[in-house]
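Chemist: Pasting a structure below so you can have a look.
Just so it is clear, none of the values below were taken in a lab; they were calculated from the coordinates. Remember, predicted model here, so these are calculated numbers, not experimental data. Cβ atoms come from the backbone with ideal geometry, glycine included; neighbour counts cover every protein chain shown.
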Amino acid sequence: MEKNKKIKAIIFDVGGVLSLGESSVKVGKRFNPSGVHEQVIKALKISVDQYLDAIDKTYSLAIEGKISRKKVLQIFSRNLKISKKKLIRLYLNSYRSHFKQNRLLFKHAFELKKKGYKIAVLSDQWYLSQEALMPKNVYNKFNICLISCEQGMRKPNPDFYKLLLKKLKIKSSEGLFIDNQIWNIKSAKKLGLNTILFSTNDNLFKNEQWRNLF
């Protein structure tokens, strides 16, 4: 099979792609806690409503980097009535117990880098999810990693994708974006990016666009 000459960079999401596990499902401006958040709720012995009220807008602001790590922890600690130290440990343990690194996909990604492709990450994370799910010794191997809490914007904001393309120094048509959320895929497509909606490794590896990279 002939290598895809047009694609110059492969862009990966983290949660649900490079890290596999349960995540929260959005409902309007809020979400139904599952996995990580459910574990935190159970550990604190509070109701879902109490938890949502406690994190409220702060959580969304943290994902977009609109509020500092120190301030987020201060607000969460106060509202959830738990020390910052215990709060950090609770979240980190919860993320690490509900997500596992997609080692096979990492292996393929680094193989693609050796073939001459650029590999990048575009991910929505807040400070503690980033710390738990994105070990520096692994993600430093990517050419570019743009994380929402560091950049002040999140998907599906078109400017977030444009910033990555600028840093990669490629045209949108030269990038292949892999994400597990359809709304992020739609936003990428509008900019002219090639896209693959991720569900499982098997489905990804069978995708013609992916196979053409090798």
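Chemist: Please list 176-184, 129-137, 110-118, 42-50 highest first by mean number of surrounding beta-carbon atoms within 10 Å per residue.
Modeler: Highest to lowest by the protection proxy: 176-184, 129-137, 110-118, 42-50.
Chemist: Label region 25-98 by shape, choosing from rounded, prolate and oblate, from the square roots a ≥ b ≥ c of the eigenvalues of the Cα gyration tensor; if a/c is under 1.5 it is rounded, and otherwise prolate applies when a/b is larger than b/c, oblate when it is not.
Modeler: rounded
Chemist: While we're here: Would you please put 196-205, 87-96 in order of how densely packed they are, using the mean number of other Cβ atoms within 10 angstrom per residue and starting with the highest?
Modeler: In descending order of packing, they fall as 87-96, 196-205.
Chemist: Name the aspartates and glutamates eligible as straight-distance cross-link partners of LYS169: C-alpha to C-alpha under 17 Å, and not fewer than 8 places from it in the same chain.
Modeler: ASP159
Chemist: Please report, to one decimal in angstroms, the Kirkwood hydrodynamic radius of the chain built from all distinct Cα-Cα pairs.
Modeler: This gives a value of 18.1 Å.
Chemist: Moving to a separate point now. Under the definition of Cα pairs under 8 Å and six or more residues apart, what whole-number percent is the relative contact order of region 137-214?
Modeler: About 21 percent, as a whole number.
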